[in-house]
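The values are calculated or read from the model by the stated rules, or taken from the named source; none is laboratory data. Here the structure is a predicted model, which is why all the values come from computation and not from measurement. Reconstructed Cβ throughout: ideal geometry from the backbone, glycine too, with neighbour counts over all protein chains shown. What goes into the accessible areas is simple: the full protein's heavy atoms, side chains included, and nothing from ligands, DNA or RNA. Shrake-Rupley method; radii C 1.70, N 1.55, O 1.52, S 1.80 Å.
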Amino acid sequence: MSADDNKLLDIPEQIPLLPMRDIVVFPHMITTFFDERESSASAVEEALTKNRFVFLVSQKEPSEENPSTNSLYTVGTVAMILRIRKLSDGRLRIFIQGVCKAKIKSFTKTEPFFEASIEKVEEASVTRGNSESEALVRTVKEQLEKLISHGKLFSPDILSVTDENDPGRLADLIAGNLSLKISDGQNILETFDHVARLNIVSQILGKELEVLAMQNKIRNTAKEEMTKTQKEYFLREQMRAIKNELGETDTKSEEIDELREKILSAEMPPEVEQEALKQMGRLEKMHPDASEASMIRTYLDWLVELPWAIETEDILDLKHAKVILDEDHYDLEKIKDRILEFLAVRKLKNSMKGPILCFNGPPGVGKTSLGKSIARAMGRKYFRISLGGVKDEAEIRGHRRTYVGAMPGKIVQALKQVKSRNAVIVLDEIDKLGSDFRGDPSAAMLEVLDPEQNATFRDNYLNVDFDLSNILFIATSNVLENVPAALRDRMEVINLSGYTEQEKLIIAKKHVVERQIENNGITKENIEFTDEGLLRVITHYTREAGLRSLEREVGSICRKVAKDVVMNNEKKKVITPKVVEELLGPARYLRDEDLDQTRIGVTNGLAWTAVGGEVLFIEAIKMKGNGKLTLTGQMGDVMKESATAAMSYARANAQDLGIDPKIFEEYDFHVHIPEGATPKDGPSAGITMATSLISLFTNTPVRADVAMTGEVTITGRVLPIGGLREKALAALRLGVKDIIIPFMNVKDLKDIPDDFRKKMNFIPVKHLNEVLAIALDTKKKRSQGTKAGGGNLKKEKVSSPAA
């Protein structure tokens, strides 16, 4: 439609107005737009009933649903409706052609649609042969051709510009095919000068050309810098697309999706989940065969397999727990009470941190198996970590992922296997932890075994926090002194002592015999243990605080019976003391039954060792010399000092003790402790060595039915010692019932069971004079040919609290 055609058209002064949301319509422009407003539908109906003309004006705010007269620009385009169609969703599809520009003089109607009084804009014609306008027209056409060559898409109508030389019409045609902002389009529409309007369009095309040139430059640079890995990535993506089209599955995508689902369902803490998703994003971009990809995949596998929110429900029935504990272990009342206390508090308070317990005692008393029994009583998962010989700190805290073959520490490995964040974990042999150039693992345990710190335990491999505060840690040790003080302070130490012969008999009947019969393939129809036979094994074939040797000997008897059943078809064998000797051979440990044999210079001392209590026979002799004291038997420095203190006390109190002072000038003295290959140390043999020396100096025998323990000072005071229960057990095994103990150890007698105490007579003493009065048998004193008779050593009557 040419300008002459416009003159022929009779455009009325009052015309229906349609507000346009996001488009500026230019003259000569043919386009389609959609409108869903009722006012627009009314305006279109009005136009169709008259001359099909509408006035199209753009809104200043495209988001405004019901614009007012002030929300519309004043310059717009008169258009003719060519075709209209109502869609199923209620919208109108209107096909129009721009006719000419016009200005709003006034609004004649606003309801139910806009109607405006308009004034057509008459544009001046361009003088033919104007060189400036011709140059601008050529420039714009060249810019347009370049844009099309760069891949810029326009409608087919744009091709008609090649024949258009009118600057105004060319500007309108190009502007109508560009994606312009409303403000920019309106600026072009309101520029009535032809050359100025085309000049604005030329500037817009120039900017568009610059942007396209920069895009092409970036694209070319990226192609040049594309590495082999990126090329492989694109190729693999293409292969994946091809496989999807062929119906073949993409294994990598499936694995990534499966891994993402596992991460999201693991109920990790927010910061851990964020780290896991970050690493998964890295994995997704990597080639599956890359070395780092396998490392990240292993790391993510560890994260998703840890029990971040999985825990078992505690059995809080105290009676049920007590039945199970009593079923599995005899005695050990202190430990059982502690577990029942924990369950009772847990029943009253849900949010409770797990205690850190340390079972300390000799081997074979059931420390490790007690952990399993506790887990069963509480309904928790159980795991044992052996710490014996661990020297590398990384075995506790894990290795950093930068190392080849890195893996988490033992704590995290245990959590992965046990699949519960409130398990019972036994740290076995914590006193056997070592240290070398790789670090001190006991220092790494400080965080693990601290309820205030282990809620944020950080393994070097995972490098995220894990809450260990719900775990019940149980450490076991034989020698508590080997555990560093800082670590010892974090644990609640419960001491386990050795068993008496009667306790061993009960445990053997209840547990050991049944287990060994089952392990060796025989039944109760093939073998029967009598109490006397078991007691014979306990007293003459084992000497220990625990039960391991007893279990081995019972197992040996069962194996020999099993051999007889197979070879001789023997039906049943009753194990009596005589049969025990036939099967196991002569007794290995002979008890000194003749306790009436008193000897000069020989005293029964009691010692504590890592395997329980032991009886030490401390011997002293004299020979011609000049008062020199010799000590043998692998004594430690503390024990040697105790011998020296005893010697000094004897010399200082020679007159009161009835010792001839010349003996220190004419004789040398030798103190020896048998089993010289075994190192011995500690102050508790002080009164024993003093008794042996004074017995030698006064030529007075020491009672063989008395044992003793206690530290001695140079003034004769008797100081307290440790390990009283173990030492008392050792004396009982020997058959000694009178035990001299320091007075300050009377408080420890409450830890000894009543039936055990009734069999023994504990004699507390405060001074060495009391010890000598009880231990030396002055009735059997031998004459030395001197006045030293020891007459002042009167036996004082001392009451025993255990009598």
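Miscellaneous remarks
- Pair list, Cβ under 7 Å, 6 or more apart: the range 282-299 residue closer than 12 Å to T402 by Cα, other residue not small (G, A, S): E292/M286; M295/R401; I296/Q279; I296/R282; I296/L283; Y299/Q279; Y299/R401
- F55 being open to solvent by 30 Å² or more (accessible area, probe 1.4 Å), in contact (Cβ under 8 Å) with a residue 24 or more places away in the chain and outside any helix (DSSP H, G or I): no
- In the set A690, A731, A707, A652, only one residue is open to solvent by less than 10 Å² (accessible area, probe 1.4 Å) and either aromatic (F, W, Y) or out of contact with any helix residue (DSSP H, G or I) (no Cβ under 9 Å at 6 or more places or on another chain) (or both); that residue is A731.
- Consider the range 538-554 and keep the residues that are assigned to a helix (DSSP H, G or I) and touching a Phe, Trp or Tyr at 6+ places or on another chain (Cβ under 9 Å). The one that is farthest from A731 (Cα to Cα) is V554.
- Criterion (modelled with pLDDT of 80 or more and among the β-branched types (V, I, T)) met by exactly one of I218, I256: I256
- Residues that are at pLDDT 80 or above, of a type in the set (K, R), open to solvent by 40 Å² or more (accessible area, probe 1.4 Å) and over 60 Å from the mean Cα position of the chain (by Cα) are absent from the range 183-198.
- Yes/no for I118 being in contact with a Ser or Thr (Cβ under 7 Å, 6 or more places away or on another chain) and open to solvent by less than 40 Å² (accessible area, probe 1.4 Å): no
- Lone qualifier among L584, L631 - being in contact with a strand residue (DSSP E or B) (Cβ under 6 Å, 6 or more places away or on another chain) and either free of Cβ contacts under 8 Å to residues at least 60 places away in the same chain or of a type in the set (S, T, Y) (or both): L631
- In the range 376-402, of all residues being touching a residue at least 60 places away in the same chain (Cβ under 8 Å) and closer than 20 Å to A321 by Cβ, the one that is most open to solvent (accessible area, probe 1.4 Å) corresponds to K381.
- The range 472-517 - residue that is polar (S, T, N, Q) and under 24 Å from G735 (Cβ atoms) and, of those, surrounded by the fewest Cβ atoms within 10 Å (Cβ to Cβ): Q502
- Every listed requirement among (1) farther than 24 Å from L303 by Cβ; (2) assigned to a loop (DSSP other than H, G, I, E, B); (3) not small (G, A, S) is met by V404 save one, (1).
- Residue-level analysis places I721 among those that are crowded, with 22+ Cβ neighbours inside 10 Å, β-branched (V, I, T) and out of contact with any helix residue (DSSP H, G or I) (no Cβ under 6 Å at 6 or more places or on another chain).
- Index of the failed condition, P362 passing every other in (1) in contact with a helix residue (DSSP H, G or I) (Cβ under 9 Å, 6 or more places away or on another chain); (2) surrounded by fewer than 16 Cβ atoms within 10 Å (Cβ to Cβ); (3) within 26 Å of E327 (Cβ to Cβ): (2)
- One residue stands out in the range 340-352 among those that are of a type outside the set (D, E, K, R) and in a helix (DSSP H, G or I): the one that is most open to solvent (accessible area, probe 1.4 Å), namely L348.
- Set side by side, the residues D331, D337 differ, and just one is crowded, with 16+ Cβ neighbours inside 10 Å and not small (G, A, S), which is D331.
- Residue match in the range 268-290 (condition: of a type outside the set (D, E), modelled with pLDDT under 85 and open to solvent by 80 Å² or more (accessible area, probe 1.4 Å)): yes
- Scanning the range 601-611 for any residue that is at pLDDT below 90, of a type outside the set (A, V, I, L, M), surrounded by 15 or more Cβ atoms within 10 Å (Cβ to Cβ) and under 49 Å from the mean Cα position of the chain (by Cα) turns up at least one such residue.
- For the criterion of being touching a His at 6+ places or on another chain (Cβ under 8 Å), under 16 Å from L696 (Cα atoms), hydroxyl-bearing (S, T, Y) and open to solvent by 20 Å² or more (accessible area, probe 1.4 Å), T630 passes.
- The range 435-469, subset free of Cβ contacts under 8 Å to residues at least 60 places away in the same chain, within 23 Å of Y403 (Cα to Cα) and in a loop (DSSP other than H, G, I, E, B), residue farthest from the chain's Cα centre (by Cα): F437
- Within the range 447-465, the set of residues being under 18 Å from K416 (Cβ atoms) and open to solvent by 10 Å² or more (accessible area, probe 1.4 Å) comprises R458, N460, N463, V464, D465.
- Only residues that are part of a loop (DSSP other than H, G, I, E, B) and closer than 19 Å to T108 by Cβ were counted in the range 67-94, giving 4.
- Single residue of the range 228-243 satisfying the filter (at pLDDT 70 or above and of a type in the set (S, T, N, Q)) that is nearest to the chain's Cα centre (by Cα): Q230
- Conditions (1) surrounded by 17 or more Cβ atoms within 10 Å (Cβ to Cβ); (2) of a type outside the set (A, V, I, L, M, F, W, C); (3) in contact with a strand residue (DSSP E or B) (Cβ under 7 Å, 6 or more places away or on another chain): number failed by S549: (3)
- The range 740-760, residues that are at pLDDT 85 or above and either touching a helix residue (DSSP H, G or I) at 6+ places or on another chain (Cβ under 6 Å) or surrounded by 16 or more Cβ atoms within 10 Å (Cβ to Cβ) (or both): I740, I741, P742, F743, N745, V746, D748, L749, M760
- Filtered residues of the range 398-414 (kept if on the phi < 0 side of the Ramachandran plot and among the small types (G, A, S)): A406, G409, A414
- Residue among V493, V513 that alone is in contact with a Cys (Cβ under 9 Å, 6 or more places away or on another chain) and in a strand (DSSP E or B): V493
- All conditions but one from (1) open to solvent by less than 40 Å² (accessible area, probe 1.4 Å); (2) out of contact with any Gly (no Cβ under 9 Å at 6 or more places or on another chain) apply to E311; the one that does not is (1).
- Test: residue in the range 665-683 that is of a type outside the set (A, V, I, L, M, F, W, C), at pLDDT 90 or above and closer than 23 Å to S497 by Cα: no
- Spans of helices (runs of 4 or more DSSP H) in the range 603-709 with at least 3 residues polar (S, T, N, Q) and under 25 Å from K779 (Cα atoms): 686-698
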